[in-house]
Amino acid sequence: MKRLAIVLFRYDLRLHDNELLVWAHANHDYVIHTYCFDPRQITDKTYKCDLVKCDKYRLKFLIETIEDLNISLVNRGSDLQTYRDTPENVLGQLVQQFKGEFEISIGYHQEATKEETDVEKAIQQLAKDNKLHVKEFWTSTLYHPDDLPYNNPKAFPDVFTQLRVALEKQHVQVRRLVNPPNAFKSPPDGLLKTTIPSLLDFGYTNVTLHSNSVFILKGGESSGLAHLRSYIWEKNLVHSYKQTRNSLIGPENTTKFSAWLANGSLSPRQIFFELKSYESHQGQRDAGYWIIFELLWRDFFKFIAMKYGARLFYSRGLRQEPYAWKHDIKEYEAWRTGNTGIPFVDANMREIMATGWMSNRGRQNVASFLTKDLGIDWRYGAVWFESILIDHDVCSNYGNWIYVAGIGNDPRENRHFNMVKQGFDYDPAGVFIRTWCPELAQLSNEYIQTPWLAPTHVLAEAGVELGVNYPRPMLVVPQWNQQFKNRRTTTQNQHHTQQRGINFYFRNHDKRQ
């Protein structure tokens, strides 16, 4: 009996560095490549706030990725079967269609969080019921879990620095890249051909690129690899990454690799070895260090999810004791829609609403504001990011949210970002704020971060009327006003010695409500 492999693509939407494809095409006579637009991950609602799981921006990027993957497979004599159903239903139907004709195996890449591992359990049960072989792989992280200097996930460190030091001290190596199969097997006869759904099929009629968006690239492995080469080799942007990575404006100030990493159309190992090749070519050993540093943070949150499982989604996060969050929907909506009256927060929230993108610096600040200043349940923010972000990665998103909220892996759990200092540091001329809060465009740089401190005549001259065409601030933290005074004093003295971005303030968790 001939052998058939059913490949389930999930967050591994690429041909390069894909062990699953090598196994399938080397060991079987026929291969069916499948992808499921799982309603539970696309159109169902989030477990808080009733938001669609995958909104239009990420869905657009995903469909572009699937279209690109299908083209790549067709060019190699195969194709991609797409379904709007759950993987366990689709695989079950394919097994029933072909099980008397072929010896069937099912292959997929493993994931770390509950909804994804529940799918894996369902597939394993399907295989057990039908006496099928299942092959699992792991290629979503830079470092393979089996190569870590820990016996099991429970021994994994809770502090990022401990991981980084352990990897460096024990000289843990990144596994080599896996080349695509030399030859691709075709699917068997009798397979009903499918078509890739469009945005219109999901109810979206007009998804256009915003004129101010800093994310202007298409989804897909081809686009991701081209962008990687362009960023590293053609534009030589590796050298400036450390200086520009906190920038709020400009499509080339950060790598934007996260969008392709999130759905697996770009391998973290591909990025790593491309950077190592660049370093060798340039004769500069650590030129790509800070980009690799960010890849390691991504690994860290993936491994934390493996260690703690569903606790990643608990109200109390990784803490043992309960935590009393507020659930004020009116305040949450003001935050979500960018109407808090704090310009640095509002500009970031309006950007993500209009484009599906926000800088890492912005994400940290708006998360701190929601959880530390407003005291609102961190999960409300996490599900909004899950819904709207082009580059949503469940482990990175939820891991970062509990980190900033002080219930995760931050050793300084009660620190608050100072919105005014962060605004002055990372948008000193107010360009970012004026881009997304045009009602403040005529306000001077002195007051662009703190319009509530501007004299009446300054507001009038700028056409700003608080509470009318721009919101009054939801709250004013004393440290914000003090930062304004400090800034004014140092500006008048023509000598500003504070370091950028280190001015946090601390308050006891239990008192902030």
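Working carefully through the options 13, 4, find the one that is assigned to a loop (DSSP other than H, G, I, E, B), modelled with pLDDT of 95 or more and of a type outside the set (D, E, K, R).
Among 13, 4, only 13 is assigned to a loop (DSSP other than H, G, I, E, B), modelled with pLDDT of 95 or more and of a type outside the set (D, E, K, R).
Sort through 228, 191, 209 and tell me the only one that's open to solvent by less than 30 Å² (accessible area, probe 1.4 Å) and in a loop (DSSP other than H, G, I, E, B).
After ruling out the rest, the residue left standing is 191.
Out of the stretch 310-330, which residues are open to solvent by 40 Å² or more (accessible area, probe 1.4 Å), under 26 Å from residue 356 (Cβ atoms) and part of a helix (DSSP H, G or I)?
Passing the criteria: 313, 329, 330.
Going through 405, 429, 460, 441 one at a time, which residue ends up being in contact with a Lys or Arg (Cβ under 9 Å, 6 or more places away or on another chain), open to solvent by 10 Å² or more (accessible area, probe 1.4 Å) and among the hydrophobic types (A, V, I, L, M, F, W, C)?
Exactly one of 405, 429, 460, 441 is in contact with a Lys or Arg (Cβ under 9 Å, 6 or more places away or on another chain), open to solvent by 10 Å² or more (accessible area, probe 1.4 Å) and among the hydrophobic types (A, V, I, L, M, F, W, C), namely 441.
Is it the case that the stretch 392-403 has a residue that's in a helix (DSSP H, G or I), touching a residue at least 12 places away in the same chain (Cβ under 8 Å), more than 15 Å from the chain's Cα centre (by Cα) and not assigned by the TED database to the domain that holds residue 49?
Checked the stretch 392-403: no residue is in a helix (DSSP H, G or I), touching a residue at least 12 places away in the same chain (Cβ under 8 Å), more than 15 Å from the chain's Cα centre (by Cα) and not assigned by the TED database to the domain that holds residue 49.
Give all pairs with beta carbons closer than 6 Å in which a residue from the stretch 197-225 that is free of Cβ contacts under 8 Å to residues at least 40 places away in the same chain meets a residue that is open to solvent by 30 Å² or more (accessible area, probe 1.4 Å); count only pairs at least 6 apart in sequence or on separate chains.
What qualifies is 216/251.
Look through the stretch 31-47, keep the residues that are modelled with pLDDT of 95 or more and part of a loop (DSSP other than H, G, I, E, B), and return whichever of them is farthest from residue 196 (Cα to Cα).
So, considering only residues that are modelled with pLDDT of 95 or more and part of a loop (DSSP other than H, G, I, E, B), the one farthest from residue 196 (Cα to Cα) is 46.
Would you confirm whether or not the stretch 425-445 contains a residue that is among the acidic types (Asp, Glu), modelled with pLDDT of 95 or more, in contact with a strand residue (DSSP E or B) (Cβ under 8 Å, 6 or more places away or on another chain) and within 19 Å of residue 334 (Cα to Cα)?
Yes, the conditions are met somewhere in the stretch 425-445.
Residues that are free of Cβ contacts under 8 Å to residues at least 24 places away in the same chain and either among the basic types (Lys, Arg) or outside the structural domain of residue 340 (by the TED database) (or both), at least 1 per element: which helices (runs of 4 or more DSSP H) completely within the stretch 415-482 meet that?
Hits in the stretch 415-482: 431-436.
Sort out which residues of the stretch 135-162 are within 23 Å of residue 272 (Cβ to Cβ), open to solvent by 70 Å² or more (accessible area, probe 1.4 Å) and either in contact (Cβ under 8 Å) with a residue 60 or more places away in the chain or in contact with a strand residue (DSSP E or B) (Cβ under 7 Å, 6 or more places away or on another chain) (or both), and write them in order of number.
Across the stretch 135-162, there are no qualifying residues.
For (1) among the hydrophobic types (A, V, I, L, M, F, W, C); (2) within 30 Å of residue 309 (Cβ to Cβ); (3) open to solvent by 50 Å² or more (accessible area, probe 1.4 Å); (4) outside the structural domain of residue 59 (by the TED database), each residue gets a yes or a no:
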residue: 124; (1), (2), (3), (4): no, yes, yes, no
residue: 133; (1), (2), (3), (4): no, yes, yes, no
residue: 166; (1), (2), (3), (4): yes, yes, no, yes
residue: 170; (1), (2), (3), (4): no, yes, yes, yes
residue: 184; (1), (2), (3), (4): yes, no, no, yes
residue: 199; (1), (2), (3), (4): yes, no, no, yes
residue: 205; (1), (2), (3), (4): no, no, yes, yes
residue: 216; (1), (2), (3), (4): yes, no, yes, yes
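Quickly run through the stretch 267-288 and pick out the residues that are of a type in the set (Phe, Trp, Tyr) and touching a Leu at 6+ places or on another chain (Cβ under 9 Å).
272, 273
Can you say whether residue 351 is open to solvent by 10 Å² or more (accessible area, probe 1.4 Å) and at pLDDT 95 or above, as far as the supplied structure shows?
When the stated conditions are applied, residue 351 does not pass them.
Of 2, 45, which residue is without any contact (Cβ under 8 Å) to a residue 60 or more places away in the chain and touching a strand residue (DSSP E or B) at 6+ places or on another chain (Cβ under 8 Å)?
The unique qualifying residue is 45.
Quick check on the stretch 111-123. Is at least one of its residues farther than 26 Å from residue 267 by Cα and within 28 Å of the chain's Cα centre (by Cα)?
Yes, because at least one residue in the stretch 111-123 is farther than 26 Å from residue 267 by Cα and within 28 Å of the chain's Cα centre (by Cα).
The values are calculated or read from the model by the stated rules, or taken from the named source; none is laboratory data. This structure is a prediction, so every number in the text was calculated from the model and none was measured. Note that each Cβ is placed from the backbone with ideal geometry, even for glycine, and that neighbours are counted across all protein chains shown. Keep in mind that these areas ignore ligands, DNA and RNA; they rest on the heavy atoms of the full protein, side chains included. Shrake-Rupley method; radii C 1.70, N 1.55, O 1.52, S 1.80 Å.
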